[in-house]
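To start, the structure under review is shown below, and the notes come after it.
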Amino acid sequence: MDLTVNLLDTPTAKALIAAAPFEARAQTWGEEVYFTTPVSARLEPDARQIVEPGTVCFWTEGDALALPYGRTPISTDERPKLASRCNVLGRIEGDARLLSRIKAGEKITVSKA
């Protein structure tokens, strides 16, 4: 499955683009897929913990991309609530619920378009 994301012009997004291509193993947490990256970043001023489904996030505490498509174990409504504040990097194009097909341990490849 291929997913396309529209990235914002942020320091973390630029660092991820520079690091691509890279591979990781998927992990899941409720209706979120996340995986480690070769990038480390600091929290940006607009970092958030509650986001809309399909938001591309960077979890600075785990050097990981977080791709929520629905509720997480700590959600208090229908929106994803991340483990902690994360940098917002952009949005997934199309149906983010396709992420539900990804199983823990699957290989993920991040590449430039």
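The values are calculated or read from the model by the stated rules, or taken from the named source; none is laboratory data. Bear in mind that the values here come from a model prediction, so they are computed numbers and not experimental data. We place every Cβ from the backbone using ideal geometry, glycine too, and count neighbours over all the protein chains shown. Calculation scope for accessible area: heavy atoms of the full protein, side chains included, ligands and nucleic acids excluded. Shrake-Rupley method; radii C 1.70, N 1.55, O 1.52, S 1.80 Å.
Quick notes on this structure:
- The share of C-alpha pairs in the chain whose separation exceeds 19 Å stands at 37 percent.
- Ligands, DNA and RNA left out, the 1.4 Å accessible surface of the range 5-113 is 51% carbon and sulfur atoms.
- Heavy-atom surface of the range 49-113, accessible at 1.4 Å and reported per residue (Å²): 50
- Eligible aspartates and glutamates near Lys103 by straight Cα distance, threshold 18 Å, same-chain separation 8 or greater: Asp2, Glu23, Glu31, Glu32, Asp95
- Formal net charge of residues neighbouring Val33 (Cβ-Cβ distance under 10 Å; K, R +1; D, E -1): -1
- Residues whose amide H falls under 5 Å from that of Val5, counting only those 5 or more places apart or on a different chain, are Glu93, with hydrogens built in the peptide plane.
- Other residues within the sphere of radius under 14 Å centred on the Cβ of Lys81, judged by their own Cβ, net out at -1 (K and R +1, D and E -1).
- With the simple spin-label model, which puts each label point 7 Å out from Cα in the Cβ direction, the Leu43 to Met1 separation comes to 3.1 nm.
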